[in-house]
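**Student:** Structure incoming, see below.
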Amino acid sequence: MPVAARLPSIERAVQPVISATILLFVLASGSIQSWIPLARRLRWLALLGLLVLAVAWAWQRRGPQVGLAAFTAAGAFVGLAALSIGWSVDPRDTLGHTVAFAVVLVAAGALAWAAAGRPEAAGRVLDAVVAGAALVALGGLLVLLFRHDRAVQAATPALPTRYQGLGGGPNTATMLLAVALPAAAHVAIDTGRAFRRAIGTVVAVGLLASIVASGSRGALVAGFAGLAAWAALREPGTRRTLASLGAVAALGLLCVAASSLPDPDPGAPAVEVAADPNPPPVRAVPPFVDANMVLRLQDDVGHPPPGVGVEDPGRTLTGSSGRTEAWAGAVGQAAGRPLLGFGFGTEEQVFVDRYVGFNSGVPENSYVGLALELGALGLVLFLGLVAALLVPVVRARSSDARTRRLTAACAGALVAGLVLGVFQSYLYAPGNNATAALWISAFLLIALHARPDGAAAR
Amino acid sequence: MLAAALVVAALLLGLGRLERSRHAEEQNDGIARVRATVGPLGSSLSGFRFLARFQCLVYSRGENRFALELCVDRSGRIVEAIDRRSGGTEYWSLREDPELADVRVDRAEVERHIVRMCPVCEGIFERDAQRADL
């Protein structure tokens, strides 16, 4: 069969596979627990399927070339991750994480290569990311309708009711929704036909409503940072840009106000967190004490003297939920192996939650997490990759309207993802539900600024 | 080009391993200091901590019942030591890399002290030992 005839079929197949992969990654850590085991297996199959399709598509379209800086930077980062097997605290885990993250980056890079110099193809890939996020938002509504208890996290004396939809927690699926929000806004406002714009509007409103209802402050800040980047880049004129930014700021304030409306329930039973998931039935003989009953290791730092109760400050709009103490502690840990870290993919094993008010197995900051895993060098290589992806954005204003607006949407997704990285450890976590969507959108930036005649954009 | 890449890779590998062993050395030094401060394992004991991966002995100093803590894994390696005498929490830990923990205590003695404070713990230790034998 001639290559030209095969091209559309692979291109068409890529779209549903991207959307299905995104959906499966959410289901794998989702609110429907009976689906988790199957989704966990299927997500890797879907990712491998996406890799194969993307590489085949890129192979067929190997004429046009994209700038190699981003591929070199990605290669250097993955190379360091692979090398870290040699000094990792868990070489097996490091190997598994490195391979899986490399698959995500190669798939994203191959999609960019295949779509290079063809904004319409890049647009279709971005549409698939939006469709995946739309399926997640729609699935959340279905869970709300049929399994209300799974879709909503009940209020506690410290926390209000929070919507989690299809995600395993209020901060889970909303990560993906925040990353996809600028691309959904692009479909809603910047695409041609009225029907597409209407669909895009419904999706964008659905994503935003899900984020607001979840009360996830990180997703809200990240989503609006992404929208602001999109608004700043989509129009060439200063006045229009300022008007777009003003509209985003006004909508942002409205959403912040709406997300602070629900109140905690003082009458609800407090949530007890066990010292150990399966605590052995131990009992101390007086005068000795079982330390887990008085001073848990996960509350050790910042705990008042034994006998004095811990005051729960509740959850405020600007509060860090104990993150700042955890970040400081994790940075202190990273300083123990400052240059090269403890090994890629070992963040969860290395970080120890010792902080009263914090409750997570990771420091919930991708940059701190990266410093723990790969040290200062890993952080520098990661930022190099981000810089290589963002270089084309500088030239976006001089592009034609379609390319400029697509660039704005992809840059918005990347900015949302990077800001989200301040609140969540995920940018380099291949199993996370937002990772694939982020890197697929980000790599499209270099596709949009390649030249169809084969000359690489620099 | 390939040769340069291999040299850089070898250099990084060496540096990574050096960082790992230096970090372990620092943590082991801190653990050894707390171990020395504790003195005999059975004196000034105020409590214990039972976790799946390791168990800890807690020691009092003056009014502070949680002043010092030694956490020991099944092989008798002290994987974590905590000093709370200043009011804050100072800790040295090799939880993530227990193979490099080189300060050891007699595991049987640790279990004896825990059982003295928690008689039901004896059954848990026996069960764990049976599982380890299988």
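Since every read-out is calculated from the coordinates, none of them should be taken as a lab result. It should be emphasised that the depicted structure is a prediction, and the values quoted were computed from it without experimental measurement. We place every Cβ from the backbone using ideal geometry, glycine too, and count neighbours over all the protein chains shown.
**Student:** Quick one: putting +1 on the C-beta of Lys and Arg, -1 on the C-beta of Asp and Glu, what dipole do you get for the protein assembly as shown around its Cα centre, in Debye to the nearest 20?
**Tutor:** Numbers: 53 positive and 46 negative charges, 491 e Å.
Result for the protein assembly as shown is approximately 2360 debye, rounded to the nearest 20.
**Student:** Only helices at least 27 Å long along their own axis, judged from Cα atoms, and with Kyte-Doolittle mean hydropathy of 0.5 or greater: name those in chain A from DSSP H. Don't jump to the answer; show the numbers that get you there.
**Tutor:** On the way: long enough: A:3-27 (36 Å, 1.36); A:36-60 (35 Å, 1.22); A:91-115 (36 Å, 1.18); A:119-146 (40 Å, 1.72); A:194-214 (30 Å, 1.58); A:238-259 (31 Å, 1.27); A:366-394 (31 Å, 2.22); A:401-423 (33 Å, 1.21).
Once both thresholds are applied, what remains is A:3-27, A:36-60, A:91-115, A:119-146, A:194-214, A:238-259, A:366-394, A:401-423.
**Student:** Out of all DSSP beta bridges in the protein assembly as shown, what portion is antiparallel? Express it as a percent rounded to 5.
**Tutor:** Numbers: 25 of 28 bridges.
The antiparallel fraction comes to roughly 90 percent.
**Student:** A further question on this structure: Could you state the number of Å between the C-alpha centres of segment B:1-49 and segment A:323-383?
**Tutor:** 17 Å
**Student:** Sort A:Met293, B:Met1, B:Met117 so the one with the fewest other Cβ atoms within 10 Å of its own Cβ comes first. The partial results should precede the final answer.
**Tutor:** Numbers: A:Met293 14, B:Met1 5, B:Met117 22.
Exposure proxy ranking, most exposed first: B:Met1, A:Met293, B:Met117.
**Student:** Additional query: Quick one: what do you get for segment A:356-448 if you divide its Cα Rg by 2.2 N^0.38 Å? Intermediate values should be presented prior to the final figure.
**Tutor:** Details: Rg = 14.8 Å, N = 93, 2.2 N^0.38 = 12.3 Å.
Dividing the Cα radius of gyration by 2.2 N^0.38 Å gives 1.20.
**Student:** Given H placed 1.01 Å from N in the peptide plane, which residues other than close sequence neighbours of B:Val72 have an amide H under 5 Å from its amide H?
**Tutor:** Amide H to amide H, under 5 Å and 5 or more residues apart or across chains, B:Val72 pairs with B:Gln55, B:Cys56, B:Leu57, B:Val79.
**Student:** Let me ask something else about it. What is the list of residues in segment B:25-64 whose amide nitrogen lies under 19 Å from a point 7 angstrom out from the Cα of B:Arg74, following Cα to Cβ?
**Tutor:** B:49-57
**Student:** If I model a spin label at B:Val8 and B:Arg61 as a point 7 Å from the Cα along the Cα→Cβ vector, what separation in nanometres do I get?
**Tutor:** The two pseudo-label positions are separated by 4.8 nm.
**Student:** Please state the charge dipole magnitude for segment B:2-133, taken about the Cα centre, from unit charges on C-beta atoms (+1 on K and R, -1 on D and E), reported in debye and rounded to the nearest 20. Spell out each step's value before the answer.
**Tutor:** Working: 20 positive and 21 negative charges, 42 e Å.
I would put it at about 200 debye.
**Student:** Now, a different point. So how do A:His97, B:His113, B:His23 line up by other beta-carbon neighbours within 10 Å, fewest first? Mind showing how you got there, number by number?
**Tutor:** Working: A:His97 24, B:His113 16, B:His23 20.
In order of increasing Cβ crowding within 10 Å: B:His113, B:His23, A:His97.
**Student:** Something else now. Positive end of the dipole of segment B:2-133, charges at C-beta (+1 Lys, Arg; -1 Asp, Glu), about the Cα centre: which of B:Gly87, B:Leu2, B:Leu15 has its Cα farthest in that direction?
**Tutor:** B:Gly87
**Student:** Another question, then. Would you mind listing how long segment A:167-302 runs along its three principal axes, going by Cα atoms, in whole Å with the largest first?
**Tutor:** The Cα atoms of segment A:167-302 stretch 75, 29, 27 Å along the principal axes, largest first.
**Student:** Taking every eigenvalue of the Cα gyration tensor of chain A, multiplying by 5 and rooting it, what semi-axes result, largest first, whole Å?
**Tutor:** In descending order, the three semi-axes are 39, 26, 20 Å.
**Student:** What FRET efficiency do you get for A:His148 and A:Phe195 if R0 is 35 Å and r is their Cβ-Cβ distance, rounded to the nearest 0.05?
**Tutor:** On the way: r = 32 Å, r/R0 = 0.92.
After rounding to 0.05, the efficiency reads 0.60.
**Student:** Could you work out the Rg to Rh ratio of segment B:2-133, with Rh taken as the Kirkwood radius (inverse of the mean 1/r over all Cα pairs)? Walk me through the numbers on the way to the answer.
**Tutor:** Details: Rg = 18.1 Å, Rh = 16.2 Å.
My calculation puts Rg/Rh at 1.12.
**Student:** Pairing rule first: another cysteine's C-beta must sit under 4.7 Å. Under that rule, which cysteines of the protein assembly as shown stay single?
**Tutor:** A:Cys255, A:Cys410
**Student:** Have a look at A:Ala198, A:Ala134, A:Leu383 and report the one farthest towards the positive end of the charge dipole of chain A, computed about the Cα centre with Cβ charges (Lys/Arg +1, Asp/Glu -1).
**Tutor:** A:Ala198
**Student:** Can you give me the distance in nm between label points at B:Glu122 and A:Leu254, each placed 7 Å from the Cα along the Cα-to-Cβ direction?
**Tutor:** Result for the modelled spin labels: 7.1 nm.
**Student:** With each run of n ≥ 4 DSSP H residues scored as -39500 (n - 2.57), what mean residue ellipticity at 222 nm is computed for chain A after dividing by its residue count and rounding to the nearest 500 deg cm²/dmol?
**Tutor:** Values: 16 runs with 287 residues, N = 458.
Computed ellipticity for chain A at 222 nm equals -21000 deg cm²/dmol.
**Student:** Per DSSP H run of at least 4 residues, take -39500 (n - 2.57); add these up for chain B, divide by its residues and hand me the 222 nm value, nearest 500 deg cm²/dmol.
**Tutor:** Details: 3 runs with 61 residues, N = 134.
It comes out at -15500 deg cm²/dmol, rounded to the nearest 500.
**Student:** Label-point separation (nm) for B:Arg112 and B:Leu15, each offset 7 Å from Cα along Cα-to-Cβ?
**Tutor:** With each label point 7 Å from Cα toward Cβ, the separation is 4.9 nm.
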